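Each reported figure results from applying straightforward, stated rules to the coordinates on display, with no laboratory input. This structure is a prediction, so every number in the text was calculated from the model and none was measured. Cβ placement follows ideal geometry from the backbone for every residue including glycine, while neighbour counts extend to all protein chains displayed.
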Amino acid sequence: MTTEPVDELKPHPETSSLTGTPILEVEDLKMYFPVKSSGFLRRTIGHVQAVDGVSFQVRSGSSLGLVGESGCGKSTTGRLITRLYEPTAGRIEFDGRDIANLSERELHPLRRDIQMIFQDPYTSLNPRHTVGAIVGAPLAIHKVVPKDKILARVQELLEIVGLNPEHYNRYPHEFSGGQRQRIGIARALTLQPKLLVADEPVSALDVSIQAQVVNLLQDLQREFNIAFLFVAHDLAIVRHFCPEIAVMYLGKIVEIGDRETLYARPNHPYTQALLSAVPDVKQAKVGGRRERIRLEGDLPSPINPPSGCRFRTRCPIAQDICARVEPPLLQVGPTHKVACHFPGEVGKHPEKPITPRLLGVDDSGMPDLAAGPATDLPTGPGYSDTWFDLEHNTMGRA
Amino acid sequence: MSDTSTKHDAFLRVEDLRVHFPTADGVVKATDGLSFELARGKTLGIVGESGSGKSVSSSAILGLHRGTRAQVSGQILLEDVDLLQLSDEEMRRRRGLDVAMIFQDPLSAMHPYYTVGNQLVEAYRVHNNVSKKAARTRAIEMLERVGIPQPDRRVDDYPHQFSGGMRQRAMIAMGLINNPGLLIADEPTTALDVTVQAQILDLLQDLQREFNSAIIIITHDLGVVAEMADQVLVMYAGKAVEYGPTKELLVRPEMPYTWGLLSSVPDVTADTDSKLIPIPGNPPSLLNPPSGCAFHPRCPHKDKVPGRLCWTVQPELVPGRQGMGHLKRCHLPDPDQVYALEVLPEFDPELASELAQARIPDPAADAAAGPAAGPAAGTAAGTATPDTADERDAQ
């Protein structure tokens, strides 16, 4: 494997938004849920590989978007970060400390720094508690302020999220969906977290209310310098909110990059299909349906994921190698990684796989001694300053 | 807005439909004076927020308010037969045969104790005097038609054994098993992922072409409307606030509520620095709808109408500036100006400058944008002067 500098070919995307120190670094995170047999013994007969080796970074005060279809593991990833689940394997480094296997007691102080906003504002608020009690509970639990000061702080928080501070005595059912989501946001803000995991924060809301809540989250992020892990299936909202976006499919990240690159020049066939499927209002001018990449079939079961590349069963460009070897998440640009044997823009996918030389296999994925041993590929989170140059099929250097 | 010219070819005609629910607190006017029509092979998109009366209106077409306390009045003419005048028994015979409905959530709309096949067979045998075996063959045929793999095996599965997209397909199969002339799809893809949504929308269009059915698609996703519908009806607080051909309405909307809907959703190609412009406030209560125009408490443009008309007088649904086919319920005298100069630049500067180029009588721009601008843009052309405010006061 030769390493040639390709300075003159280096593209110059807007990467300014992707600088800054990572507050969260996740490496090779896995979550397998056991599947139990029916009957008395309840033996484990398999595992749902909900999240299977994802790595990413979230930078301080910035946002990472996780998109993908239902069942791809994006919500599970969010819950692992907040440690609502204990991961099967992997590292979750928050503020320089691995929190993947901390005990409940050790986690307690960390709960202040990592908070979560839930999808459904109707089920995530206790109907028998007043708004004041809901928003004030974290203050009482963590003994941040003396008891007689809690109310004042709650009112302040309600005001921040755009609710009437006089309403602290009301119950959740007296509020509309958008207002309830604001209560959920106020609760998450109570302890001034450094990282907020927002799991589909607006998808249960009406369109006109969605924009209000998205704007509120953006204002709060700017004001309090909160980092967001933004989990959603709405591609347009995620692009609007997050400078960096990861696309997940069946428990794996298939493509990750800055939003300009990912949306304008996606390289993975799944990302391309996903983007082409979004109905576009602008189509009204032209009439009829937009040209789109049709995906056949349904999502395979995560208990028995397909061999090799997990997307190959629905991929329009899959070849033999895809069934035999799993494509590595290969960096193909300064802030762009893609896990595909045939990465390329729509209609420009290479005819031959680009990965065999890196993996020590031949073009159909069989082990190939002539190709030499597999190259050590960086698999960690973040981006390195060397990447695979697609035009020259070599590793380039910035 | 007499539609004498189109009356004879309208397959479905709804006239002044009202659905009122008497409650302990007063009458909830869920639908209040709705009129529209739809020809065979065409699609009508109904858009609006939750509680705007979209679903209530369409359930009225299916006669689903019979036997409840709802007061339904007006006319629903399906091939010149008023569905509201039919007896319950006659309506039952038509339901599923002439008019069918696809619900948003197929898991709760299908019976969990019966196999998918049984439910399809039942839907078929209610209206056709055939043997169980023939009905089963028909059920398998329909499942195959909607793209369910191995339909002869899957027909004996229960709904929970299907994935979300497959359940929605099965529901479409159930809706179409009797070849109904009118299909009402109530948020058919809201619960689905985008790629599955695309498959379902493709399927609906294929089937529409095949059976020449009329489709009413109820959604809050303007993108879906843009790609599916021939006509759009925007509802707010139980009333139509804008109604017209999709191409016309979504490109040159004239009602501030429609503007709000358009500007509050981000676009996958839009500038990421631009802010979303939400519609302020919340949807109104249908028990005590606001005075005058129901949208005025949330309307950022109400001060542009002289004499506080928006507070006091309910605007009529009248043809806008773009001609007879495009109706709007708004007092704004110059909506196209406000839209082009104030609304559009904020959420889609690209399109705004494109429009502006077509409007300013600059020879160079004229040559470039001349043919693309078309005659419709011409109505707005030539008035892009900075003193629009004076003009507004004069009107």
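Output the antiparallel fraction of DSSP beta bridges having both residues in the protein assembly as shown, as a percent to the nearest 5. Once the DSSP bridges in the protein assembly as shown are tallied, antiparallel ones form about 65 percent.
Computed extension gain for A:Arg128 through A:Glu86, at 0.36 nm per residue and net of the alpha carbon distance, reaches 12.2 nm. Computed from label points 7 Å out along Cα-Cβ, the spacing between A:Glu291 and B:Asn128 is 3.9 nm.
A cysteine counts as unpartnered when no other cysteine's C-beta lies under 4.7 Å of its own; in chain A this applies to A:Cys72, A:Cys242, A:Cys315, A:Cys340.
Each helix, a run of at least 4 DSSP H residues, gives -39500 (n - 2.57); summed and divided by the residues of chain B, these come to -10500 deg cm²/dmol at 222 nm. Ranked from largest, the principal axis spans of the Cα set of the protein assembly as shown equal 79, 71, 68 Å. Residues of region A:160-177 with an amide N closer than 16 Å to a point placed 7 Å from the Cα of A:Ala140 along the Cα-to-Cβ direction: A:168-172.
Could you work out how far the C-alpha centroid of region B:39-62 sits from that of region B:140-169, in angstrom? Taking the Cα centre of region B:140-169 as reference, the centre of region B:39-62 is 27 Å away.
Listed by chain and number, the lysines whose alpha-carbon sits under 27 Å from that of A:Lys143, ignoring those within fewer than 8 places in the same chain, are A:Lys194.
Taking the number of Cβ atoms within 10 Å of each Cβ as an exposure proxy, the fewest-first ranking of A:Trp387, B:Trp311, B:Trp259 is B:Trp311, A:Trp387, B:Trp259. Over all projection directions, the Cα-based convex hull of region A:264-396 averages an area of 9.9 nm².
Modelled this way, with points 7 Å down the Cα-to-C-beta line, the labels at B:Asp303 and A:Gln192 are 3.7 nm from one another. Normalised by residue number, the volume inside the convex hull of the Cα atoms of chain A is 180 Å³ per residue. Computed from the C-beta positions of A:Glu104 and B:Ser73 and an R0 of 56 Å, the FRET efficiency is 0.35 to the nearest 0.05.
For A:Lys285, the lysines whose Cα falls under 16 Å of its own Cα, not counting residues fewer than eight places away in the same chain, are B:Lys247.
Applying Stokes-Einstein at 20 °C and 1.002 mPa s to the Kirkwood radius of chain B, computed over alpha-carbon pairs, gives a translational diffusion coefficient of 94 µm² s⁻¹. When the alpha-carbon atoms of region A:249-307 are used, the pair Rg, Dmax equals 14.2, 44 angstrom. Neighbour counts of C-beta atoms inside 10 Å place A:Lys337, B:Lys302, A:Lys348, B:Lys239 in the sequence A:Lys348, B:Lys302, B:Lys239, A:Lys337, starting with the fewest.
With n ≥ 4 as the cut-off for DSSP H runs, can you work out [θ] at 222 nm for chain A, using -39500 (n - 2.57) per run divided by the number of residues, rounded to the nearest 500?
Roughly -7000 deg cm²/dmol at 222 nm, from the helical runs in chain A.
This ranking places A:Glu244, A:Glu200 by how few other beta-carbon atoms lie within 10 Å of each, fewest first, which gives A:Glu200, A:Glu244. Across q = 0.13, 0.21, 0.22 Å⁻¹, region B:71-141 modelled as identical point scatterers on its alpha-carbon atoms has Debye log10 I(q)/I(0) values of -0.52, -1.01, -1.04, in the order of the q list. Rg/Rh for region B:221-282 (Cα atoms only, Rh after Kirkwood) is 0.97. Across peptide A:175-185, the mean count of Cβ atoms from other chains lying within 10 Å of each residue's own Cβ comes to 1. If you wrap the Cα atoms of region A:190-333 in a convex hull and average its projected area over all directions, you get 11.5 nm².
Students often forget the sequence filter, so: which lysines lie under 30 Å Cα-Cα from A:Lys36 once same-chain residues fewer than 8 apart are removed? Filter leaves A:Lys74, A:Lys252. For region B:111-179, a Kirkwood radius taken over Cα pairs fed into Stokes-Einstein (20 °C, viscosity 1.002 mPa s) yields D = 186 µm²/s.
Label-to-label distance for A:Thr379 and A:Lys36 is 3.2 nm, based on points extended 7 Å past Cα in the beta-carbon direction.
So for region A:158-222, considering every pair of alpha-carbon atoms, how many percent are separated by more than 18 Å? I get 32 percent for the Cα pairs in region A:158-222 exceeding 18 Å.
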